[in-house]
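First the structure, in the form of structure tokens, and then the observations on it.
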Amino acid sequence: MMTFRFLQLFEAGRLLRLILFLSVMWGISRNTEAQVLLGSGTEHCSHRNAELKHNRLTPGPAAPEYDVTYLEFNLNIDPAVEYISGSVLTLFEVKKDLSSGLKMQLSTSLTVDSVLFNGIPVTFSHTGEYNLHIAIPGNPPAGSLQNVQVFYQGKPVSGSGFGSIGWKEHNGVPAMWTLSEPYGCRDWWPGKNDLTDKADSVDLIVHTPEQYRTASNGLLLTDKVEGGIRTCHWKHRYPIVPYLIAIAVTNYEVYSDMASPGGIPVEILNYVYPEDKADIAPRTAQAVPVMEIFSELFTPYPFISEKYGHAQFGWGGGMEHQTMSFMGRFDFEIIAHELAHQWFGNMITLNSWKDIWLNEGFATYLAGMSYEHMFNGYYWPFWKSQNIAYVTSEPGGAVYVDDTTSVSRIFSARLSYSKGALLLHMLRWICGDEVFFTACRNYLNDPRLKYGFAGTHDLKAHLESASGKDLTEFFNDWYYGEGFPSYNIVCRQLAVGEYEMEIRQTQSHASVSFFEMPVPLRFKGPGGDTTMVFDHTFNAQTFRIYPEFAIDSVFFDPLQWIVSASNRVNLIKKEDAATCYPNPSAEVVWISMPDLLPESFRLTDCSGRIVKVPLVVEASGLKLSIADLPSGLYFAKLRSPDTSRILKIIRQ
Ligand SMILES: [Zn+2]
């Protein structure tokens, strides 16, 4: 899922981001082909908070007694009326003793009319906020397939998380939609509502007044009108978690784009408001190259025998409902982000909300990769700098979610989205492109995970296996740990063609004592330009380098691989090493210069006349007593075996 946070760009103290934003806006005017609003995919705004109905949530009780295999929705919806009625049939396999009944969740703002177990009416209780408890006669044996159908109706209370179900007019026409992530299924349909139990397939049959169409998961099997009622029947034959099941209803206009990832045609089916079609159609077309890029970098589009699609809805951001993302905006980055979720989040779903970065970090990073591969790469550096600036705008915060009852923490834009994306970016840096993408493909193709669930340890295992590296320390620092490093780098010339690099690091948060990291530095000078990588494993570590040119400038992390801020680079050339202090002075001046030859020392006044002063040679340099000189400007001429230098000295 994704929302956007433009308004934050204008917060006080975020001038850097404003400047970046403006420079990118300038870029947009140059790249007229690009309908790009950089940052719309990775950022959240107060808009988001306005849409967050309830932050504190608790998931329902676990129900390991049964495993959902199939769902059939049969719903009556008129978007002009905030009311829902119908039934949901759940086919399930018995796993454990069901003598104490079947646990389901449904908001008690909705009324359950009746429940059938294998077609026979059974008793039930509907209590508390969400507890639907169904009596199961005969205690069916483990391994057997059973079904239960719940008939219900009422006015849903737009409750959990981001609203669960919404109604909002567009251009005077009623519209309704659902958005269940993370726990909101129970606000509009009765079911097990378990993050880690995918149905193998689902049918969604929705009856509406004939002027409306329903958008949903999978393929549209039938769309027929009878007696003023339109029935749209959608069927999805891939495993799907409850929160990715969704419907949206209004007077949609429908059109398609066609992608061809790997030469296999995939329909991108768009349901948009008629009044917005002219504006949106060129934007949805951008999903075509993005799908082809993702399919090439990772694995083929996961739901290739059905479709991908967009359905416009009245919520502020986007939501990656399986095979049909719901879109409040059609910015390029949101389009890429929701499409990326079809691999990361939908085909492989997180097995705990603690690991939300496996959904949002990947989707955010893949949107960044779309910039890397499109628009001649123009936006890619901006994407990186904007995300690094956002992550480092506060000193703390971990990618790992320690409180899954807080919806705003689960969906923290800075941590789960941006820092999660940059964690992947740094893994790519550490492992190298070939290993990183191989590991990602192995992860996506792993039969234990594909169309199922994964945790952070699964991704880590694939990265370790492909790279041969132990990434435990990396994950301790960057996933569980908080904050980021700030680097202080001194590049000191020792002799012609010889330099010493000293790399120091401070940490923004006490939870990490040191970030081990390969540090790239770019060196430029007359006739030379090279980037070297220094394996930084402890503080104040020094390295000798022997470039074939004189270094004029040093750049830290020129391609922005490392999450860091307030970095400093200091180049000390050999001639710069000559210093005199204090200066001006009325008494004594110390002159230090490596390899200074004392016999080469000479002091002259403004007219070039040599001036004799008492001189003492000590280990720390030459001590000049200038108390007897008239006030004025003098020049000290120095020479070492490699260089010579003139320093100005002022006698006060
Ligand atoms: Zn997302």
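The values are calculated or read from the model by the stated rules, or taken from the named source; none is laboratory data. On a predicted model such as this, the values are computed, not experimentally measured, just so you know. Heads up, the Cβs are rebuilt from the backbone with ideal geometry, glycines too, and the neighbour counts pull from every protein chain shown. Note: accessible area is taken over every heavy atom of the protein model, side chains too, but ligands, DNA and RNA are not part of it. Shrake-Rupley method; radii C 1.70, N 1.55, O 1.52, S 1.80 Å.
A single entry from Y273, Y301 fulfils the requirement of being open to solvent by less than 10 Å² (accessible area, probe 1.4 Å) and hydroxyl-bearing (S, T, Y): Y301. Residues in region 438-495 that are in contact (Cβ under 8 Å) with a residue 40 or more places away in the chain and open to solvent by 30 Å² or more (accessible area, probe 1.4 Å): R441, N445, K450, Y451, F453, E473, Y480, E482, N488, R492, Q493, L494. So for region 330-341 (the condition being crowded, with 24+ Cβ neighbours inside 10 Å, β-branched (V, I, T) and within 11 Å of the ligand (Cβ to nearest atom)), does at least one residue qualify? Yes, region 330-341 contains a residue that is crowded, with 24+ Cβ neighbours inside 10 Å, β-branched (V, I, T) and within 11 Å of the ligand (Cβ to nearest atom).
Residue by residue, here is whether (1) on the phi > 0 side of the Ramachandran plot; (2) not charged (D, E, K, R); (3) not in a loop (DSSP other than H, G, I, E, B) holds:
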| residue | (1), (2), (3) |
| --- | --- |
| E548 | no, no, no |
| F555 | no, yes, yes |
| I562 | no, yes, no |
| A565 | no, yes, no |
| L571 | no, yes, yes |
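The residue that is farthest from the ligand (Cβ to nearest atom), counting only those in region 351-361 that are surrounded by fewer than 24 Cβ atoms within 10 Å (Cβ to Cβ) and within 16 Å of the chain's Cα centre (by Cα), is K354. Can you tell me which of (1) closer than 30 Å to P79 by Cα; (2) among the hydrophobic types (A, V, I, L, M, F, W, C); (3) within 16 Å of the ligand (Cβ to nearest atom); (4) buried (at least 24 other Cβ atoms within 10 Å of the Cβ) is the one W315 doesn't meet? All conditions are met except number (4). Out of the residues in region 320-329 that are open to solvent by less than 10 Å² (accessible area, probe 1.4 Å) and not hydroxyl-bearing (S, T, Y), state the one that is nearest to the ligand (Cβ to nearest atom). Among residues in region 320-329 that are open to solvent by less than 10 Å² (accessible area, probe 1.4 Å) and not hydroxyl-bearing (S, T, Y), the one nearest to the ligand (Cβ to nearest atom) is E320. Selection of helices (runs of 4 or more DSSP H) fully inside region 420-494 by the criterion of at least 2 residues being among the acidic types (D, E) returns 433-445, 456-467. On the given criteria, is E296 under 21 Å from the mean Cα position of the chain (by Cα), away from the ligand (no atom under 16 Å from the Cβ) and either acidic (D, E) or within 22 Å of L204 (Cα to Cα) (or both)? When the stated conditions are applied, E296 passes them. Regarding A510, is this residue part of a loop (DSSP other than H, G, I, E, B), surrounded by fewer than 18 Cβ atoms within 10 Å (Cβ to Cβ) and at pLDDT 95 or above? Considered against the rule, which asks whether it is part of a loop (DSSP other than H, G, I, E, B), surrounded by fewer than 18 Cβ atoms within 10 Å (Cβ to Cβ) and at pLDDT 95 or above, A510 comes out as yes.
Taken together, L559, L647, L624, L597 contain a single residue that is outside the structural domain of L423 (by TED's automatic domain parsing), surrounded by 13 or more Cβ atoms within 10 Å (Cβ to Cβ) and either of a type in the set (D, E, K, R) or more than 27 Å from N488 (Cβ to Cβ) (or both), which is L624.
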